[in-house]
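A.B. asks: Take this structure first; my questions come after.
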Amino acid sequence: MTVATLPLLDSLSALADPTRCRMLLLLERHELTVSELCAVLQLPQSTVSRQLKTLADASWVTSRRDGTSRYYSLLLEGAHVQLWALTREQLAGKSAAEQDVRRLERVLTARRAASEHFFATASGKWDKLRDELFGNDFAFRAVAGLLDDEWTIADLGCGTGAMSAILAPHVKQVIGVDASEEMLDAAKARLAAATNIELRKGSLEALPIFPGSVDAATFMLVLHHLPSPADALAEAARILKPGGRLLIVDMAPHEKEEYRQQMGHVWLGFSEDQMKKMLAAAGFTHVRVHALPPAHSAKGPALLMATGRKR
Ligand SMILES: C[S@@+](CC[C@H](N)C(=O)[O-])C[C@H]1O[C@@H](n2cnc3c(N)ncnc32)[C@H](O)[C@@H]1O
């Protein structure tokens with residue numbers, strides 16, 4: 001390699017132009033399109049595009065596509081980190097650069113204006129549009145991201161694994177327990193790709209889980225099937241660590257007697273008061289019970305949720 005072909009010389013020669021340095025100062029603050037750069041630098045598009053190409057050829061800028069727009073930003077790698085620190089120091093306080101920053105604010109304000117205008121007029125229709133665009137359960141699924149990624153959670157009466165599938169991406173381990181071979185087979189098929197879910201066949205009244213070994217446990221649409229919910233709650237308390245969380249979702253009291261024959265329900269729902277008493281009797285503290293708003297498409301009875309902490 002001759003001195004003339006040293007990459008550092010390309011880097012330096014790309015910097016040897018005040019306009020290109022102003023561009024880099026702007027691109028260090030924000031990703032910008034060519035037309036935004038034109039507006040800030042008050043230069044024609046052909047000039048800005050030519051200068052951007054010089055900077056890109058010397059690896060000073062990178063770009064990404066967003067829909068039909070292309071956004072440019074400063075790329076700092078290797079020797080460019082030190083070179084840019086020196087250059088930036090020299091540019092500090094220069095009036096052209098300061099004016100650029102003021103015009104940049106105007107450009108960014110214009111960018112925000114479109115979304116501000118939209119929200120100023122869309123408040124009445126946003127909820128419907130949100131559902132149409134994204135469905136109505138994405139937020140509920142995303143909330144699982146607030147779980148501690150070190151947790152082990154027991155999905156008690158896991159059935160076909162719907163809840164385990166939601167929890168598993170966010171925690172260390174999920175242990176699904178169910179008495180039904182058929183339900184567990186369906187869960188196995190659904191959860192085949194997950195590496196942190198263990199399915200165990202067993203009874204909720206004698207859980208195949210060590211005492212004090214899980215951080216949280218859930219009974220999702222399960223308690224109304226159990227002749228003695230109190231026994232299952234006592235088992236949940238046994239397997240939880242001190243301070244461990246319990247989540248129950250079940251039906252509020254209803255009159256659909258036919259569910260007993262059709263689906264083997266033992267209890268026609270639970271009242272908020274019943275839930276609170278059962279949880280307190282099983283040794284849970286911080287008990288909270290909330291009615292859940294029915295989904296638009298739901299045909300079954302209203303649901304409630306209860307949470308508590310193992311003492
Ligand atoms: C209505 S399903 C709910 C499944 C799942 N939690 C869900 O939300 O889709 C109730 C599950 O509890 C299981 N189950 C009922 N009684 C049980 C018991 N005593 N021991 C273990 N599993 C039981 C059933 O096999 C069934 O899979």
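The values are calculated or read from the model by the stated rules, or taken from the named source; none is laboratory data. As the structure is a prediction and not an experimental result, all values here were calculated from the model. Every residue, glycine as well, gets a Cβ built from its backbone with ideal geometry; the counts of neighbours run over all protein chains shown.
A.B. asks: Could you tell me how many of the residues in region 167-180 are within 13 Å of the ligand (Cβ to nearest atom), surrounded by fewer than 18 Cβ atoms within 10 Å (Cβ to Cβ) and either among the aliphatic types (A, V, I, L, M) or assigned to a helix (DSSP H, G or I) (or both)?
C.D. replies: Selection size over region 167-180: 1.
A.B. asks: Next question, about the same structure. What are the residues in region 56-85 that are part of a helix (DSSP H, G or I) and surrounded by 10 or more Cβ atoms within 10 Å (Cβ to Cβ), if any?
C.D. replies: A56, D57, H80, Q82, L83, W84, A85
A.B. asks: Given the structure, is A16 among the aliphatic types (A, V, I, L, M) and farther than 19 Å from L91 by Cβ?
C.D. replies: Considered against the rule, which asks whether it is among the aliphatic types (A, V, I, L, M) and farther than 19 Å from L91 by Cβ, A16 comes out as no.
A.B. asks: Here is a follow-up. Counting only residues that are among the polar types (S, T, N, Q) and closer than 15 Å to A282 by Cα, which one in region 196-234 is surrounded by the most Cβ atoms within 10 Å (Cβ to Cβ)?
C.D. replies: Result: T218.
A.B. asks: Yes or no: L204 more than 15 Å from the ligand (Cβ to nearest atom), in contact with a strand residue (DSSP E or B) (Cβ under 6 Å, 6 or more places away or on another chain) and modelled with pLDDT of 95 or more?
C.D. replies: Spelling it out, it is not the case that L204 is more than 15 Å from the ligand (Cβ to nearest atom), in contact with a strand residue (DSSP E or B) (Cβ under 6 Å, 6 or more places away or on another chain) and modelled with pLDDT of 95 or more.
A.B. asks: So, in region 115-127, how many residues would count as being under 24 Å from P294 (Cα atoms) and surrounded by 10 or more Cβ atoms within 10 Å (Cβ to Cβ)?
C.D. replies: 3
A.B. asks: State whether one or more residues within region 19-42 are farther than 19 Å from L104 by Cα and out of contact with any Cys (no Cβ under 7 Å at 6 or more places or on another chain).
C.D. replies: No, because not a single residue in region 19-42 is farther than 19 Å from L104 by Cα and out of contact with any Cys (no Cβ under 7 Å at 6 or more places or on another chain).
A.B. asks: Say we look at region 181-197 and pick out the residues that are of a type in the set (A, V, I, L, M, F, W, C) and in contact with a helix residue (DSSP H, G or I) (Cβ under 8 Å, 6 or more places away or on another chain); which of these is nearest to the ligand (Cβ to nearest atom)? If you could, list the steps in order and put the result at the bottom.
C.D. replies: Just the residues of region 181-197 that are of a type in the set (A, V, I, L, M, F, W, C), to begin with: 183-184, 186-187, 189, 191-194, 197.
Retained after the next criterion (residues that are in contact with a helix residue (DSSP H, G or I) (Cβ under 8 Å, 6 or more places away or on another chain)): 187, 191, 194, 197.
Working: A187: 9, L191: 13, A194: 16, I197: 14 Å.
Applying the filter and picking the extreme gives A187.
A.B. asks: What are the residues in region 195-215 that are closer than 20 Å to L240 by Cα and either part of a strand (DSSP E or B) or β-branched (V, I, T) (or both), if any?
C.D. replies: At the first step, the residues of region 195-215 found to be closer than 20 Å to L240 by Cα are 196-215.
If the condition is that a residue be closer than 20 Å to L240 by Cα and either part of a strand (DSSP E or B) or β-branched (V, I, T) (or both), then I197, E198, L199, R200, K201, S203, A206, I209, V214, D215 are the ones that fit.
A.B. asks: Considering region 237-255 alone, what residues qualify as being in a strand (DSSP E or B) and β-branched (V, I, T)?
C.D. replies: Hits for region 237-255 are I248, V249.
A.B. asks: Consider Q262 carefully, then state whether it is free of Cβ contacts under 8 Å to residues at least 40 places away in the same chain and either more than 15 Å from the ligand (Cβ to nearest atom) or of a type in the set (K, R) (or both).
C.D. replies: So Q262 does not fit the description; no.
A.B. asks: Does any residue of region 138-156 turn out to be surrounded by 10 or more Cβ atoms within 10 Å (Cβ to Cβ), more than 30 Å from A16 (Cβ to Cβ), charged (D, E, K, R) and touching a residue at least 40 places away in the same chain (Cβ under 8 Å)?
C.D. replies: Yes, there is a match, as at least one residue in region 138-156 is surrounded by 10 or more Cβ atoms within 10 Å (Cβ to Cβ), more than 30 Å from A16 (Cβ to Cβ), charged (D, E, K, R) and touching a residue at least 40 places away in the same chain (Cβ under 8 Å).
A.B. asks: From the list A192, A234, pick out the single residue that is aliphatic (A, V, I, L, M) and not in a helix (DSSP H, G or I).
C.D. replies: None of the other options fit; the residue is A192.
A.B. asks: T218 versus (1) more than 26 Å from the chain's Cα centre (by Cα); (2) within 11 Å of the ligand (Cβ to nearest atom); (3) in a strand (DSSP E or B): which is the lone unmet condition?
C.D. replies: Just one mismatch for T218, condition (1).
A.B. asks: Applying the selection to region 44-59, what residues are under 21 Å from V101 (Cβ atoms) and at pLDDT below 95?
C.D. replies: none
A.B. asks: Ok, one more. Listed residues P294, P242; which is modelled with pLDDT under 95 and in contact with a strand residue (DSSP E or B) (Cβ under 8 Å, 6 or more places away or on another chain)?
C.D. replies: P294
A.B. asks: Would you check if F270 is within 15 Å of the ligand (Cβ to nearest atom) and either over 33 Å from the mean Cα position of the chain (by Cα) or within 27 Å of F140 (Cα to Cα) (or both)?
C.D. replies: yes
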